[in-house]
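This report concerns only the one structure given below.
Please treat every number below as a calculation from the coordinates, not as lab data. In this text the structure is predicted, and so the values were computed from the model without any measurement. Cβ atoms come from the backbone with ideal geometry, glycine included; neighbour counts cover every protein chain shown.
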Amino acid sequence: MTPDVTCISATDSVQTAAEKMTDLGVGSLPVCGSDDKLKGMLTDRDIVVEVLGAHKDPSQVKAGELVEGDIVTIAADDDAEEILRTMSRHQVRRLPVIDGHVLVGIVSQADVARALPDRKVGELLEDIST
């Protein structure tokens, strides 16, 4: 897990989010509301497809506008099997880690690849990619 995750505010512009992603060298950021609760995840792909590809101005679109639906998370005390099941079931490459209602980190596909046997990683990649 990557601890000390940086959130972007739901009211921040997509331009600000993209700049923060660039500064941090990441492809996604958690989006948090004014109540500091996780609202969703914003990815570089979201920005390209939903904003740039649709000819919208990234300085005028709010990060919160791009996060929809249920937020897929795992609990801080979930084991590796639960992480694999959740990533596979929801076909996601990153999972916010929640302790109560507090975001404490993110588990990425790369974290899984470093920590688990090759067979398990291969199964996960297959599940996510199909």
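Numbers below:
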quantity: Loop GluC sites (Glu not before Pro), segment 1-74, which have at most 11 other Cβ atoms in a 10 Å radius of their Cβ (DSSP); calculated: 68
quantity: Most fluctuating residue given options 37, 56, 20, as computed from a GNM of the chain linking Cα atoms under 10 Å; calculated: 56
quantity: For segment 1-69, projected area of the alpha-carbon convex hull averaged over all directions, nm²; calculated: 4.6
